[in-house]
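Heads up: the structure comes next, in structure tokens.
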Amino acid sequence: MAVFLLVMSYLQRRKYKLPPGPPHLPILGHYFGFGRSYVVLKSAEIVHEAMVEKKEIFAGRDDEGWKYELVTEGYRDIAFADYGPVWRLQRQMALKAFRTYLASDKLESFTRSAFEEVATLIEKETEPFDIDVHIRLLIFNIVCRMAFGKSYKIDGPEFVWLKSKVDESNEKVFGGLIPADVIPVLKHFPIPSSLTTKRIMKELIDFHKAKLKEHKATLNTG
């Protein structure tokens, strides 16, 4: 029945060639969106006024769901934070950091080193293997070298743990909707999905906070 409803919903969209819209559930549609305020722009002139002439007024972001609120500790990051003075300062600092890396040879050096290490590991393989682990190692080493000043070995315990946490979060949290995303009050109840989400997000946030603490302890302001 569920597959039938999904197929029918897809065919209906193709039949009427409707423009893109917010995601909805079969049968229920946008029922859980009732009670919220919406702004509808009905003409090209109004769209131009909102998006160009008064873009800062309409630059806010909607809530993306409880799991994103949880992982960002109340939308306190750049990707999901609402537009405002704090977000502008965060964006300014992030752009400055990226320009610093791009203006020097650090990023190129990190990337080349990470590629060479993974290429060496692949050359040593004599049996069929899962290349996903090597790709993860490559990505983690580039990102973590920039963010934490640290790189990993393919069998290192921290890399193995971090990879497992990312896989678990993609499967159980970010792989689709969880009940608390649709019915926010469920985040307060000890249902499996909410408990699992809280646990995984806490483990990942604690990991990043520990790295930040290490940096503060070894910071050289001179």
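All of the numbers you see were taken from the coordinates with simple rules; none came from a lab. As the structure is a prediction and not an experimental result, all values here were calculated from the model. Cβ coordinates were reconstructed from backbone atoms using ideal geometry, including for glycine residues, and neighbour counts include every protein chain displayed.
Going by a ≥ b ≥ c, the root eigenvalues of the Cα gyration tensor, does region 58-151 fall in the rounded group (a/c under 1.5), the prolate group (a/b larger than b/c) or the oblate group?
Verdict is oblate for region 58-151.
Arrange MET201, MET93 by Cβ neighbour counts within 10 Å, fewest through most, would you?
By the 10 Å Cβ count, ascending: MET93, MET201.
Do you know the relative contact order of region 73-222, to the nearest whole percent, from alpha carbon pairs under 8 angstrom that are 6+ apart? List each step's numbers first, then the result.
Values: 67 pairs, mean separation 18.0, N = 150.
Across region 73-222, relative contact order equals 12 percent.
Distance from a point 7 Å along Cα→Cβ of PHE189 to each backbone N in region 56-70: keep the residues under 18 Å and list them by number.
It comes to 66-67, nothing else.
Pairs to check: LYS124/LYS153; LYS172/LYS202; LYS187/LYS213; LYS54/LYS187. Give those whose C-alpha atoms are more than 26 Å from each other in this structure.
LYS187/LYS213; LYS54/LYS187
Quick check: net charge around ILE200, other residues with Cβ under 9 Å of its Cβ, Lys/Arg +1 and Asp/Glu -1?
+3
First check a/c for region 110-222, with a ≥ b ≥ c the square roots of the eigenvalues of its C-alpha gyration tensor; if it is under 1.5, answer rounded, and if not, answer prolate when a/b is larger than b/c or oblate otherwise.
Note, shape of region 110-222 comes out oblate.
Could you tell me the distance between the Cα centroids of region 186-222 and region 76-154, to the nearest Å?
Centre-to-centre (Cα) distance: 20 Å.
Among LYS124, LYS153, which comes first, second and so on when ranked by fewest other beta-carbon atoms within 10 Å?
So the ranking, lowest neighbour count to highest, is LYS124, LYS153.
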